[in-house]
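Comments concern the structure below.
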Amino acid sequence: MNFARSNQCTALARWCGSSSKLRTSALSVASRSRSNCLKNCRRTYGTTRPVSSAGRADALGAPRETSELPTKLEQIIRESIMTTGPISMATYMQMCLSHPTHGYYMNPDNAILGTRGDFITSPEISQVFGELLGIWHLTRWEAAGRPPRIKIVELGPGRGTLMADMLRAMSQIRACTGAIKSVHLVETSAAMREHQRSLLTPAGKSLSWKYFWWDTVEDVIDHTKGDEYTMLVAHEFFDALPVHLLEKTAQGWHELRIGCTTEPTLKGMLEPKTDCLRLVREPHPSSQSTVLGASSRRFASLPIGARIEVSPTSYKIARQITRLLGSSRSLGGSGLIIDYGNDHVHGNSLRLMIIFQAFREHKIVDIFSRPGQSDLTANVDFAYVKEAMADGVTTHGPISQSAFLEGMGITVRVNSLMRNAKTEDRRTEIARAARRLVDSSGMGREYKVLGVTADPLQKHNGKAGDSAEQIWPFAQ
Ligand SMILES: C[S@@+](CC[C@H](N)C(=O)[O-])C[C@H]1O[C@@H](n2cnc3c(N)ncnc32)[C@H](O)[C@@H]1O
């Protein structure tokens, strides 16, 4: 057992042994009562049918199958396209998710997360998820020599459940509780901020932790001092960031945009509708598509016909995380990025709908279905995120969620919760929720965990930073 692992085990043992607080938490597994919902929350994938060339641009993808009137946002998008021409997939995603009044995450009428929401995320399934993430951060902080000041940062905190579970687990260690000075939530949605505020601030009050809400990671950098150790988590955040869709031809990289087309070849397919949001291929490479296509060396070796989604926003945020954790002024830090995705780029035509997943009411629907009323996500290219971080921090993995949680001792923690459960039903529920998190045919395999560590002092002393072998459970 190496140092990092023994460190982790010590923290885990202390924490598992301690916690009547954890057991009686208002956020207990039982109170989340989500097992029925889980049965319905199966991410299945649709397909698109390529359509032949049509006029100025090639029209691609299937027509939207719906008899409903267009949403307000769809009307806005159509008008925008009619006025200024096709929009990028990145703009479409941005509008669908973050339009100030009609965006999916901005509209308080949308029941987004949890048992009555459109989908359910790992922290909403079981408290164990957030607790184990908290324990990982704790072990990194201990390995860094327990820096005296900590700031905790979460990107896209949703209902605040993950942060609540992490904080509760970390606060079992008194030295850590005292070192935590502030909690920073990067969240654009006012509706989500309200959820987070009401869940998190009551517990933090007695501990005098300060809570801050920001629109961007840049705001956190601008408004915090460097002399702190940073713990950062981003769960199901990067997959909501806009991507551009590109296709390679002999001429170079062309952007696939979204048009509102009434081209003849499409009309026949759309009876009785006359127009519809569709993917169209730009006839020539643009300066933007050329720059994005050249933004990773990996893309150069892809064959003609390859499609890729490239997220410059993800790249920018990964750079900001690097500055936040790895700045020479800071005391270093640790980060966990967890998302659907892989260590490679996504995007060929066969996988189009696997990549873009519009979730409504626990079903995958067409990406043009009810814009603003559906979640729209793209699988994360973890290799791209790592490239953005390469010069300032050390990255670890990504590894599967099941490997991470099992390495962090999910079995030990779940057994402890089950021992303390009052009824058989509760025990069954705890076990079922944990199984769901590590299920090798579902969340356990599809979600990946990327670890990030930064130790600026080591770098300045000329010593090597953390290597992957030292960081449990990334090196097993
Ligand atoms: C899928 S939810 C994930 C919530 C939570 N992390 C969880 O796992 O339950 C995405 C969250 O990110 C927020 N979000 C989406 N895009 C964002 C952006 N560009 N900046 C900040 N927050 C964003 C949403 O409002 C929402 O809170």
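In region 408-429, the condition of being modelled with pLDDT of 95 or more and in contact with a Gly (Cβ under 6 Å, 6 or more places away or on another chain) is met by no residue.
Scanning region 138-163 for residues that are part of a helix (DSSP H, G or I) and surrounded by fewer than 22 Cβ atoms within 10 Å (Cβ to Cβ) turns up E142, A143.
Under the condition of being closer than 18 Å to K151 by Cα and either in contact with a Gly (Cβ under 9 Å, 6 or more places away or on another chain) or among the hydroxyl-bearing types (S, T, Y) (or both), the residues counted in region 312-328 number 8.
Conditions (1) in contact (Cβ under 8 Å) with a residue 40 or more places away in the chain; (2) in a helix (DSSP H, G or I); (3) in contact with a strand residue (DSSP E or B) (Cβ under 8 Å, 6 or more places away or on another chain); (4) among the polar types (S, T, N, Q), marked per residue:
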residue: P285; (1), (2), (3), (4): no, no, yes, no
residue: S289; (1), (2), (3), (4): yes, yes, yes, yes
residue: R298; (1), (2), (3), (4): yes, yes, no, no
residue: I304; (1), (2), (3), (4): yes, no, yes, no
residue: Y315; (1), (2), (3), (4): yes, yes, no, no
residue: A318; (1), (2), (3), (4): yes, yes, no, no
residue: I321; (1), (2), (3), (4): yes, yes, yes, no
residue: L331; (1), (2), (3), (4): yes, no, yes, no
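Among the numbered conditions (1) within 8 Å of the ligand (Cβ to nearest atom); (2) more than 15 Å from the chain's Cα centre (by Cα); (3) within 22 Å of R140 (Cβ to Cβ), the only one that D215 does not meet is (3).
Beta carbons closer than 6 Å, at least 6 apart along the sequence or on distinct chains, pair a first residue in region 150-161 that is touching a residue at least 40 places away in the same chain (Cβ under 8 Å) and farther than 11 Å from E124 by Cα with a second that is more than 7 Å from the ligand (Cβ to nearest atom) and of a type in the set (G, A, S) for I150/A179; K151/S182; L155/A234. Aromatic (F, W, Y), more than 8 Å from the ligand (Cβ to nearest atom), at pLDDT 90 or above and over 30 Å from A431 (Cα atoms): does that describe Y104? So Y104 fails the test. Among the criteria (1) surrounded by fewer than 18 Cβ atoms within 10 Å (Cβ to Cβ); (2) more than 16 Å from the ligand (Cβ to nearest atom); (3) part of a strand (DSSP E or B); (4) not aliphatic (A, V, I, L, M), the one S208 does not fulfil is (3).
Looking across region 340-350 at every residue that is touching a helix residue (DSSP H, G or I) at 6+ places or on another chain (Cβ under 6 Å) and on the phi < 0 side of the Ramachandran plot, the one that is surrounded by the fewest Cβ atoms within 10 Å (Cβ to Cβ) is identified as H344. When region 396-411 is filtered for residues that are touching a residue at least 40 places away in the same chain (Cβ under 8 Å), more than 8 Å from F474 (Cα to Cα) and β-branched (V, I, T), only I410 remains. Check I399, I338 and return the single one that is within 16 Å of the ligand (Cβ to nearest atom) and either modelled with pLDDT of 95 or more or not basic (K, R) (or both). Answer to the selection: I338. Evaluating W214 against the criteria (1) modelled with pLDDT under 95; (2) over 12 Å from V233 (Cβ atoms) leaves one unmet condition, (1).
Of all residue pairs spaced 6 or more apart or on separate chains, those with beta-carbon atoms under 6 Å, a first member in region 232-243 that is among the aromatic types (F, W, Y) and a second member that is near the ligand (Cβ under 8 Å from one of its atoms) are F237/L155; F237/G156. With respect to the stated conditions, L133 is within 14 Å of the ligand (Cβ to nearest atom), at pLDDT 90 or above and either aliphatic (A, V, I, L, M) or within 25 Å of H223 (Cβ to Cβ) (or both). Among the residues of region 170-203, those that are assigned to a helix (DSSP H, G or I), of a type outside the set (D, E, K, R) and either within 18 Å of E236 (Cβ to Cβ) or within 16 Å of the ligand (Cβ to nearest atom) (or both) comprise A190, A191, M192, H195, Q196, S198, L199, L200. Candidates are the residues of region 224-245 that are part of a loop (DSSP other than H, G, I, E, B) and near the ligand (Cβ under 7 Å from one of its atoms); the one that is farthest from Y211 (Cα to Cα) is L241.
The values are calculated or read from the model by the stated rules, or taken from the named source; none is laboratory data. These numbers were taken from a predicted model, which means no experiment stands behind them. Neighbour counts are summed over all protein chains in view; Cβ atoms, including those assigned to glycine, are modelled from backbone coordinates with ideal geometry.
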